[in-house]
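Visitor: The structure is given below, and queries will be raised subsequently.
The values are calculated or read from the model by the stated rules, or taken from the named source; none is laboratory data. The model shown is predicted, which means the values in this text are computed figures rather than measured ones. Reconstructed Cβ throughout: ideal geometry from the backbone, glycine too, with neighbour counts over all protein chains shown.
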Amino acid sequence: MPLIPIKIPPGFYRNATQYQAKNRWYNGNLVRFSEGRLRPIGGWQRLATTQIVKKGAVGELVITTPGTGYATSATGTLTATGGGGSSFAGTYTTTGAGVINSVTITGTGADYTTVPTIVVSGSTSGTAAVITATIHSGPDPIRGLHSWRLSNGSRYLAVGSTQNLRIWDGSQSIGTNAPIFDATPYAVPSSGINFKDQDDFLIPGLGYGALEYGGDRNLDGSGGTASGGDIYGTPRYPSIDPDITDPDAFRDNFAAVWSMDNFGDDLLACHSGEGTIWHWAIATGGTSHKAFTATDSSGLLLTSATHGLSDDDVVQVSSLGVLPTGLVVTTDYHVVSSTTNNFKLSTSSAGSAIAFTDAGSGTHTWEERTGTAIVFDNATQTVSPPVQLANAPVSNVAVLVTPERHILVLGAGGDHRLIQWCHQETLTGTANWNPSLTNTAGDLTLQTKGRIVGGFKTRYGVLVFTTSDVWRTNYLGPPYVYGVERLTEGGGPVGMKCVAGSADFVAWMSRGRFWSYTGGYIKELSSDCADYVFRDINLDVEGLIACGHNPEFGEITWFYPKEGDSYCTRYITYSYREEHWVTGELERSQWESSDALGYPVAAGVDGYLYRHEMDPDTSSTPIVREGSVTAPADVSALSALNNRVVATGVSTALHPNVATEEHLCFAETGAIEIAGGNNMMTVKQIITDTDAGDNGLRMKVTTASTPDESGETQGPFTLESDGYTDCRFTDRQVFFKVESPFDQEWRFGEVRFDAAASGSR
């Protein structure tokens, strides 16, 4: 019989029935197309064993029983017992009849694993009052990731969640027990800013504790106190009228998320639900390396001609040979007893000078360190927290740093149409934020019907997204500094985190459409999967949609919650290099590109971070994904575990109702017909173009006579390493499915059937 080539273009076609997707790939999971050939996506592994969790604070009190006989018109005290935590405090008030009529949390406490018992004190006569508490615990949803490299090559990853801001040190080994350090900001209560205090108490009524970083302070984004606010997960409505809460009236249900960027080596971060700009200052090299020698017989004095240092400056030392005994590299030292050409070093500010027992050998150099030294405390898994950026506006939507080195604040000061920027190359200072003839600070207001959602930097200017349109900032230079132009009316994204791309290509999702920008004009991205996706999305939580860029493969991926889910469970990926789309299932809440770390990182809905695009394991032990699940020997074992196989790794349970075998790494076609479907065909052999070898790559074939017929499944046929796979089936339509249950890389190209047409019935 003749060999019939089955040429299937890359990408899925899901905007119609499986029959209508003739000679196309229709559906799949955990696969991509590269240079036209089907292959699995890379595997993943936990970045660290640290799970980001909520603090276990008491979040709400309810008067279940008001009791009787309490001191009238008085205030009493509430404490807590049990639950595994500590430091809860509260108060209650009574009516003239001696019953409790209100309760207030004055200290939420922390680390409660179960609901504590609330104890009513302050009166010996009252009885029968019952106050019921709820606690915030479990995984803390991650709503922002940002990685960057310092000028010295060090790498960091900032992780923002609803209650936390954490830092992962990129020097740590993947998958180790190294911590993700807690860098949640704090201040003193009298400052009036939203904060977490030094004792790790979540302060009620001031933002972090009351709102979990995610509550809309007055439901209108005005930046008020916590009165009328809500915890994360409650839809946020843009109306200035807080009484308008009908989700059908407004679909701007934006989640509170983090925006983060770098000012040099420093980190700037802003949480859209809280609005403060936080500054994490990295100690970086300020002065060029200069040579020094240890010359004093007392072993104290260092000589460096016209060094320019002053007492209490911080320096680090290094050597091309051996440092004087008593000095070590990558250690901060304080300058003491400085003169024009000489200085001494101490381990602390104004401390005693270090005595050197020898002069060392080779050439020694020093480098001044500017900023505040960052200290990672492994014992407490904390790091020096950021501080509020002085004189900057508050109650902001987002922050970024322009290529011209201006700090650009979007939705500045609670005005959802205002853009404000600081004087060029500066961070703080009242004068640097107030426009004048002597600086480049400024602001402008968008003439839009919507409100600002967020921004994205491109080489063509900063894109500013609103709920109703898209704008671009243009750098003009003094005196105007920046101007704006509207690029399109409509097409605003569904949320701040559904925009991703590079400096040259940006893509985002609006309601019902995908868009892109490459520097000229904004265009709609035609998608073969859009109808399937937008019928599938749970619009009630559309603000959770997150988007990520994978530059290695030229892909933009959107993670979204399907109907009935309250977190992201599915994805759609667009390959802008090869212009096709694929879909699948994967639970991820955020994605960070590989630009800084060298590999992409994603946040799971389980509170863990995952390194993605890992190579398949070449040893006898598969790479363990998402914990320590043992790799099943076959699909029957997989079924017993109720797990699913990931692309290049072992199985893992990602969702309680995953149906095992149907969620392998796979791709399936639409209808394949011979002679336009007018005749039956008999297939005796399948000839495949793969490089899978003997790794278990297999094919299932479903045959049918009509589009509505349920069909009959043939196989699975294990694809032979020589490319010839024997089979036998006869029917009018053929649908085939390629799947892989094992931890191996493979590619799947053209298929040929050893087939012949037979009769019409």
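Condition check ((1) in a loop (DSSP other than H, G, I, E, B); (2) more than 24 Å from residue 749 (Cβ to Cβ); (3) modelled with pLDDT under 50) across all residues:
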| residue | (1), (2), (3) |
| --- | --- |
| 624 | yes, yes, yes |
| 627 | yes, yes, yes |
| 667 | no, no, no |
| 687 | no, no, no |
| 693 | yes, no, no |
| 703 | no, no, no |
| 717 | no, no, no |
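Visitor: Is it the case that region 38-55 has a residue that's over 24 Å from residue 139 (Cα atoms) and more than 26 Å from the chain's Cα centre (by Cα)?
Guide: Taking every residue of region 38-55 in turn, at least one turns out to be over 24 Å from residue 139 (Cα atoms) and more than 26 Å from the chain's Cα centre (by Cα).
Visitor: For a quick check of your reading of the model, give me the residue pairs whose first member lies in region 100-117 and is charged (D, E, K, R), whose second is surrounded by fewer than 21 Cβ atoms within 10 Å (Cβ to Cβ) and at pLDDT below 80, with beta-carbon atoms closer than 9 Å and at least 6 apart or on different chains.
Guide: From residues that are charged (D, E, K, R), the pairs are 111/200.
Visitor: Turning to a different aspect of this structure: Is there any pair linking a residue in region 437-452 that is closer than 11 Å to residue 416 by Cα and assigned by TED's automatic domain parsing to the domain that holds residue 400 to one that is part of a loop (DSSP other than H, G, I, E, B) and acidic (Asp, Glu), with Cβ under 8 Å and at least six apart or on different chains, and which?
Guide: Hits for this filter: 445/415; 451/252.
Visitor: Considering only residues of region 24-51 that are assigned to a loop (DSSP other than H, G, I, E, B) and over 20 Å from residue 554 (Cβ atoms), which is modelled with the highest pLDDT? Before you say what the answer is, go through the steps one by one.
Guide: As a first pass, look at region 24-51 and keep what is assigned to a loop (DSSP other than H, G, I, E, B): 24, 30, 35-36, 41-42, 47, 49-51.
In the following step, the residues that additionally are over 20 Å from residue 554 (Cβ atoms) were identified as 24, 47, 49-51.
Details: 24: 94, 47: 85, 49: 77, 50: 82, 51: 84.
Step by step, filter region 24-51, then rank; the result is 24.
Visitor: I want to confirm something. Restricting to region 161-178 and keeping residues that are farther than 18 Å from residue 282 by Cα and part of a strand (DSSP E or B), which single residue is modelled with the lowest pLDDT?
Guide: 176
Visitor: Do you know which residues across region 384-413 are more than 20 Å from the chain's Cα centre (by Cα) and modelled with pLDDT under 90?
Guide: 384, 387, 388, 389, 390, 391, 394, 395
Visitor: Now, a different point. Quick check: anything in region 375-384 in contact with a strand residue (DSSP E or B) (Cβ under 6 Å, 6 or more places away or on another chain), part of a loop (DSSP other than H, G, I, E, B) and at negative phi?
Guide: No, that holds for no residue.
Visitor: Please state which one of 338, 318, 304 is within 21 Å of residue 152 (Cα to Cα), surrounded by 14 or more Cβ atoms within 10 Å (Cβ to Cβ), of a type outside the set (D, E, K, R) and in contact (Cβ under 8 Å) with a residue 24 or more places away in the chain.
Guide: 318
Visitor: Pick from region 289-315 the residues that are assigned to a strand (DSSP E or B) and farther than 19 Å from residue 355 by Cβ: which of them is nearest to the chain's Cα centre (by Cα)?
Guide: In this case the residue turns out to be 314.
Visitor: What are the residues in region 482-501 that are more than 26 Å from residue 161 (Cβ to Cβ) and modelled with pLDDT of 95 or more, if any? Give the derivation first.
Guide: The initial filter retains those residues of region 482-501 that are more than 26 Å from residue 161 (Cβ to Cβ), namely 482-491.
Selection gives 482, 483, 484, 485, 486, 487.
Visitor: Evaluate region 442-456: report whether one residue or more is of a type in the set (A, V, I, L, M) and in a loop (DSSP other than H, G, I, E, B).
Guide: Within region 442-456, one or more residues are of a type in the set (A, V, I, L, M) and in a loop (DSSP other than H, G, I, E, B).
Visitor: I've got another one for you. Name the residues in region 686-710 that are small (Gly, Ala, Ser) and surrounded by fewer than 17 Cβ atoms within 10 Å (Cβ to Cβ), would you?
Guide: If the condition is that a residue be small (Gly, Ala, Ser) and surrounded by fewer than 17 Cβ atoms within 10 Å (Cβ to Cβ), then 693, 705, 710 are the ones that fit.
Visitor: From (1) buried (at least 21 other Cβ atoms within 10 Å of the Cβ); (2) farther than 30 Å from residue 446 by Cα, pick out the condition that doesn't hold for residue 384.
Guide: Of everything listed in (1) buried (at least 21 other Cβ atoms within 10 Å of the Cβ); (2) farther than 30 Å from residue 446 by Cα, residue 384 misses just condition (1).
Visitor: Please specify each residue of region 318-339 satisfying the condition of being aliphatic (A, V, I, L, M) and either closer than 11 Å to residue 361 by Cα or not in a loop (DSSP other than H, G, I, E, B) (or both). Give the steps one after another, and end with the answer.
Guide: Kept after step one, since they are aliphatic (A, V, I, L, M), are these residues of region 318-339: 320, 322-323, 327-329, 335-336.
Within region 318-339, 320, 322, 323, 335, 336 meet the criteria.
Visitor: Tally time: how many residues in region 532-559 are of a type in the set (D, E, K, R) and over 30 Å from residue 20 (Cα atoms)? Don't jump to the end; show me each part of the working.
Guide: The initial filter retains those residues of region 532-559 that are of a type in the set (D, E, K, R), namely 535-536, 540, 542, 552, 555.
Cutting the leftovers down to over 30 Å from residue 20 (Cα atoms) gives us 540, 552.
Summing the residues that are of a type in the set (D, E, K, R) and over 30 Å from residue 20 (Cα atoms) in region 532-559 gives 2.
Visitor: So for region 65-81 (the condition being of a type outside the set (Asp, Glu) and in contact with an Asp or Glu (Cβ under 6 Å, 6 or more places away or on another chain)), does at least one residue qualify? Outline the logic, then answer.
Guide: Our first condition is that a residue be of a type outside the set (Asp, Glu); within region 65-81, this holds for 65-81.
From what's left, in contact with an Asp or Glu (Cβ under 6 Å, 6 or more places away or on another chain): none.
Among the residues of region 65-81, not one is of a type outside the set (Asp, Glu) and in contact with an Asp or Glu (Cβ under 6 Å, 6 or more places away or on another chain), which makes the answer no.
Visitor: Okay, next question. Could you check residue 392 against (1) surrounded by fewer than 23 Cβ atoms within 10 Å (Cβ to Cβ); (2) assigned to a loop (DSSP other than H, G, I, E, B); (3) of a type outside the set (D, E, K, R) and say which number it fails?
Guide: (1)
Visitor: Further question on the same structure: Would it be correct to say that residue 112 is closer than 28 Å to residue 255 by Cβ, outside any strand (DSSP E or B) and touching a strand residue (DSSP E or B) at 6+ places or on another chain (Cβ under 8 Å)? Talk me through it step by step, then tell me what you get.
Guide: Numbers: closer than 28 Å to residue 255 by Cβ: yes; outside any strand (DSSP E or B): yes; touching a strand residue (DSSP E or B) at 6+ places or on another chain (Cβ under 8 Å): yes.
Spelling it out, residue 112 is indeed closer than 28 Å to residue 255 by Cβ, outside any strand (DSSP E or B) and touching a strand residue (DSSP E or B) at 6+ places or on another chain (Cβ under 8 Å).
Visitor: Is it the case that residue 563 is in contact with a strand residue (DSSP E or B) (Cβ under 9 Å, 6 or more places away or on another chain) and surrounded by fewer than 24 Cβ atoms within 10 Å (Cβ to Cβ)?
Guide: Taking the combined requirement at face value, the residue satisfies it.
Visitor: For residues that are in contact with a helix residue (DSSP H, G or I) (Cβ under 9 Å, 6 or more places away or on another chain) and surrounded by fewer than 16 Cβ atoms within 10 Å (Cβ to Cβ), tally how many sit in region 16-45.
Guide: Selection size over region 16-45: 1.
Visitor: So residue 73 passes all but one of these: (1) outside the structural domain of residue 568 (by TED's automatic domain parsing); (2) touching a residue at least 24 places away in the same chain (Cβ under 8 Å). Which condition number does it fail?
Guide: In the conditions (1) outside the structural domain of residue 568 (by TED's automatic domain parsing); (2) touching a residue at least 24 places away in the same chain (Cβ under 8 Å), residue 73 misses (2) alone.
Visitor: Mind checking which residues of region 110-150 are under 27 Å from the mean Cα position of the chain (by Cα), under 21 Å from residue 64 (Cβ atoms) and either aliphatic (A, V, I, L, M) or surrounded by fewer than 22 Cβ atoms within 10 Å (Cβ to Cβ) (or both)?
Guide: If the condition is that a residue be under 27 Å from the mean Cα position of the chain (by Cα), under 21 Å from residue 64 (Cβ atoms) and either aliphatic (A, V, I, L, M) or surrounded by fewer than 22 Cβ atoms within 10 Å (Cβ to Cβ) (or both), then 135, 137 are the ones that fit.
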